[in-house]
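A short reminder: the numbers here are calculations on the coordinates, not readings from a lab. Remember, it's a predicted structure, so these values are computed and weren't measured experimentally. Note that each Cβ is placed from the backbone with ideal geometry, even for glycine, and that neighbours are counted across all protein chains shown.
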Amino acid sequence: ASTDAGIPGVYHHHLPQALPVFAVIAGLTPEAALRTATSAAAKGLGLGLVTGRLKPGLSADIVLVHGNPLDDLAVLAEPAAVWARGVEAKGLS
């Protein structure tokens, strides 16, 4: 999954809104769509041994949401909390 962030007018923070649309267009389950945005993306970039999964020793960013993204990817658009490399990000609201 990608938003092609880095090109003019496309920003990284749009992925939570774009992922549900991407899943429908690609015919993916929520689980498969999440995998494309996490472990499959890391593996495709040659970073599968460094990040992309929640596993001791790997670098990870974690998003806490209200609800289950495996039931509804839209819950990713309103995170309750975010941790980037083990440090809680502030100022979400």
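Data table
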{"read-out": "Summed side-chain charge close to Val50 - residues other than Val50 whose Cβ falls under 13 Å, Lys, Arg +1, Asp, Glu -1", "value": "+3"}
{"read-out": "Rounded if a/c under 1.5, otherwise prolate or oblate - segment 12-88, Cα gyration tensor axes", "value": "oblate"}
